[in-house]
Every structure is written in C-alpha cells, then in structure tokens.
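Participant: Handing you this structure, nothing more for now.
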Amino acid sequence: MEEYIVDVTAQNAQQVLIEESMKRPVVVDVWADWCEPCKQLMPVLEKLANEYAGQFLLAKLNADTEQALAGQLGVRSLPTVMVLKEGQPVDGFAGAQPEQQIREMLDKYLPKPWDIKLQQAQQMVADGQLDEALPILRQAYSESDERADIAKQYAAVLLEKNRAKDAEEILGKILMADQDADYQQLMAQLELKLQAADSPEIRALQDAVTANPGDYESTYKLAVQLTQSERHEEALEMLLNILRSDMGFADGAAKQAYLDIVKALGAGDPVATRYQRKLMTLMF
C-alpha cells in the first residue's frame, strides 16, 4: 500500500488499521459531514500526510457511514484522532488541534530524518553504490550528532573506499560504551588498510621527500601515489605544499590533480570543503 491517505470502511479496516500499522504509524481521523471542527482539522492532517510522503498513513473514518467501526474504536466525540502502531492505539486527541501540536505528536512515532537517510544509504551499499551512499551517510552522521551506529556504518563505507585515515577519524570519536564487536572488527580492518596503504613505492617517495623537502618532483609523484591509495587528505596537503611555492608546477599538473581530488571527493565532503577553501585563500 503506497497511499498517504485512505478512507476506512468495514471492508478494508483489517488491512488499514491492523496490517498497515505493523509497518508504519496509522493516524485515524474520525469525522462527520455535520462536524465543523472536523472540516478545520482534516486539511491540516491531509497536508501533513502529503508532506511526510508515506511515513504515516492517514486513515479517514466517516463516523456516520461507519458507525459500528467508530463504536469499536471507542469514539465518543468528533473529531477524534488516534495514532495506531502494531494494531494498538498509542496516542491521540479529541477536537481540532493546531498544526504544531499535531507535528509534535507525530514526531514521537515517525523515524528521524537521519534514520531515513541511514536506510537509504544501507540500500545503496547493498546495491554496491558506495559513492552515492557516502554523502548520505555523512549527512546522517552529522545530523544525528555523530550517533555511534551511524558512525560505524559511515566508517565501514570509508574503509571499503580505502579512505582509512578518514575512517580512523570517525572511529576515534566512538565512545567506550559503543565499542562493540562491530567496532572491534572495523578497527581490525582499519589496521590492515593502514598497513597496506604504505606500498614500497610510497615509502621510497616519502623517504626522498623527507630527505629533501624541496624536491617537488618527488612530492608530486608521492601525491599521485597517495591519491591512488585513496589517501586524499595527505595527497592534497602535499600538492598544496607545491602550489604554495609554484602554482604552475609541471605545466599546471599539480593544480589540476588537486582540483580533480576535490571534485572526486564530492560536494559537501569535509576534506574537499576544507581544501577547496585553502586553495581559494592561496589564489586570492
């Protein structure tokens, strides 16, 4: 059932009030043609049903045509609104109420925006769409005030993308109380990724740059190698170091590589945003 709003009758009551309330909250609006407050309330409920786009089902019950059903629900006055979850009434009110009060009631039973984003991202991950899942997980992580279960999902995708340093930062914020078996598994993966990220080529170039920090040719090659290992922040820092001294290094190749990494990270990525700002500061 994809509708946001349905009329309840004796024929569909089992499906609407019981079966559907097992999947999502059902808001029952009991009304009648002769009831003036009902006419004020119904457009507000319909507006909210459309706005929430199926997060709850608005079930309209005409008390005149469905007297037996209204009686079974224990309705004593009109309008009466009930919230059903898993076949049981969990909340409600009698009489017309202001929109804000109805929103506050609904918010207690509806998934939070970050939970919806988490579900979307999980589906994308299941479908192998890791690049699409990352920005959504980042938003969910931020909006949920860095909730631990979302942090772990976010870190898992970062590790899949070989962004070990970014994953390390996220995992480092998880409190002791939330360091469960999933966390330990992610930490073990992180350790392996960090070890694997140091290839012999990277180590040799790091030694060359350490020995001669002004060797921009080696610095540039190291940045390219780091990018290929998805160590974007380190690569950007290396390239920024070159651009501070020579904006046109290697016929603009260093600047182009820098811009390509920022673009690949995607809009809204905190690393991309930070290094975009640093380049703008350098240029202007």
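The values are calculated or read from the model by the stated rules, or taken from the named source; none is laboratory data. Bear in mind the structure is a predicted one, so any value in this text is a computation, not a measurement. Every residue, glycine as well, gets a Cβ built from its backbone with ideal geometry; the counts of neighbours run over all protein chains shown.
Participant: Looking only at residues in segment 117-131 that are polar (S, T, N, Q) and assigned to a helix (DSSP H, G or I), which one is nearest to residue 156 (Cα to Cα)?
Facilitator: Restricting to residues being polar (S, T, N, Q) and assigned to a helix (DSSP H, G or I), the top hit is 122.
Participant: For residues that are farther than 16 Å from residue 153 by Cβ, in a loop (DSSP other than H, G, I, E, B) and not aromatic (Phe, Trp, Tyr), tally how many sit in segment 104-116.
Facilitator: 2
Yes/no matrix, rows are residues, columns are (1) at pLDDT below 95; (2) surrounded by fewer than 21 Cβ atoms within 10 Å (Cβ to Cβ):
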site	(1), (2)
28	no, no
36	no, yes
41	no, no
51	yes, yes
59	no, no
65	no, yes
84	no, no
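Participant: Can you tell me which condition residue 167 does not meet? The list is (1) out of contact with any Phe, Trp or Tyr (no Cβ under 9 Å at 6 or more places or on another chain); (2) free of Cβ contacts under 8 Å to residues at least 60 places away in the same chain; (3) assigned to a helix (DSSP H, G or I), and all the others hold.
Facilitator: (1)
Participant: Could I ask something else about it? Checking the condition closer than 30 Å to residue 115 by Cα, modelled with pLDDT of 95 or more and either in contact with a Leu (Cβ under 9 Å, 6 or more places away or on another chain) or not hydrophobic (A, V, I, L, M, F, W, C) (or both), which residue from 173, 161, 193, 165 passes?
Facilitator: 173
Participant: Going by the structure shown, is residue 173 among the basic types (Lys, Arg), farther than 24 Å from residue 262 by Cα, more than 12 Å from the chain's Cα centre (by Cα) and outside the structural domain of residue 254 (by TED's automatic domain parsing)?
Facilitator: Spelling it out, residue 173 is indeed among the basic types (Lys, Arg), farther than 24 Å from residue 262 by Cα, more than 12 Å from the chain's Cα centre (by Cα) and outside the structural domain of residue 254 (by TED's automatic domain parsing).
Participant: Select from segment 125-139 the residues that are surrounded by fewer than 18 Cβ atoms within 10 Å (Cβ to Cβ) and free of Cβ contacts under 8 Å to residues at least 24 places away in the same chain and list them in ascending order.
Facilitator: 126, 127, 128, 129, 132
Participant: Moving on to the next point. Could you list, in sequence order, all residues of segment 1-51 that are in a helix (DSSP H, G or I) and under 19 Å from residue 88 (Cα atoms)?
Facilitator: Passing the criteria: 13, 14, 15, 16, 17, 18, 19, 20, 21, 22.
Participant: Kindly indicate whether any position in segment 6-17 is closer than 20 Å to residue 119 by Cα and either of a type in the set (D, E, K, R) or surrounded by 13 or more Cβ atoms within 10 Å (Cβ to Cβ) (or both).
Facilitator: The answer is no; no qualifying residue exists.
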